[in-house]
1. What is the ratio of the Cα radius of gyration of the stretch 215-373 to 2.2 N^0.38 Å, where N is its residue count, to two decimals?
2. How far is the Cα center of the stretch 324-364 from the Cα center of the stretch 244-293, in Å?
3. Which order results if 45, 287 are arranged by neighbouring Cβ count within 10 Å, fewest first?
4. Starting from the alpha-carbon convex hull of the stretch 313-373, give the projected area averaged over all orientations, in nm².
5. Just check the stretch 176-268 against the gyration tensor rule for me: Cα atoms, a ≥ b ≥ c as the square roots of the eigenvalues, rounded for a/c under 1.5, and otherwise prolate or oblate depending on whether a/b exceeds b/c.
6. If you take the square roots of the eigenvalues of the alpha-carbon gyration tensor of the stretch 268-359 and sort them as a ≥ b ≥ c, do you get rounded (a/c under 1.5), prolate (a/b over b/c) or oblate?
């Protein structure tokens, strides 16, 4: 079922204003240990109480919540959590080269090529983004979860980006707030063509705010083991589980990766989302200055690079669940789908003939695809 664009909030991450407070290539302050990974990544182990989050003016007196209260939810929720887990230990490539000591968190040092600001996107209806998503709205949301199959799609240039994610938002079109997480191939942000685990947030529709991972103050990390921005190509072809849920007592929005708590977005930095989400969205996105170009469309792929099918070769998102005020995970009552460029990227939402809905999506862009102009 198509969803009208006037009510639709794109998965706008790349090709937008993305601000980082860190100086690229410079060691992060308060690093206790540095881990160098083959291939170029540098991870700084930073005192958890001196992490970048606390440079945010709203978090000067913030007390870290080390563990969420999400485990105290109902038995129904626990059962659903168990059934949707990918049951994989969050192993990441950098673990082969060292671990951070107790009392610290890992922070990926931005590369020398990481921009302090991506070019601003003034009009979200212009032709920089192509997206294929499924969403639900109409209620107050306190969480979302899904299994996302990991791929390494082809990305044509450093100006392009391909991602798959879970997103919760609130607010009007021009100044919405969003928190989201998933995987991405983003050469400009990560200095390679590998697949990375990411988190992202903005509070003003990406007009003046918005950043990945820990590249600006805001997200509070608690995990010593999971690195935001980490290479996750070891998961190629298998599922990762992404969950974003609001703590029923502290109101922090917790991020989980394969059911392991990573950290949270505090309500102090989210004027609208501190109360609730109004839309939940799952899906894929390609960002490129060549999206919508006729001829000369980008060859950057979405999902696996294959068009949607039910046999496992295309991008796949399953176990799509939401939480409302009861904080119980459940299937949404209503789903809507939206695809921008059917000739370049498509989707198939399988719902009626299966016990649980599954969203298949993706495509090759213009690469070996005469249908895509």
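1. Expressed relative to 2.2 N^0.38 Å, the Cα Rg reads 1.20.
2. Answer, in whole Å: 18.
3. Starting with the residue having the fewest Cβ neighbours, the order is 45, 287.
4. Averaging across all directions leaves 5.4 nm² for the Cα convex hull.
5. oblate
6. Verdict is oblate for the stretch 268-359.
Here, each number is a calculation from the coordinates, and none is a lab measurement. Values in this document were obtained by computation on a predicted structure and should not be read as measured data. Methodologically, a virtual Cβ is constructed for each residue, glycine included, from the backbone with ideal geometry; neighbour enumeration extends over all protein chains shown.
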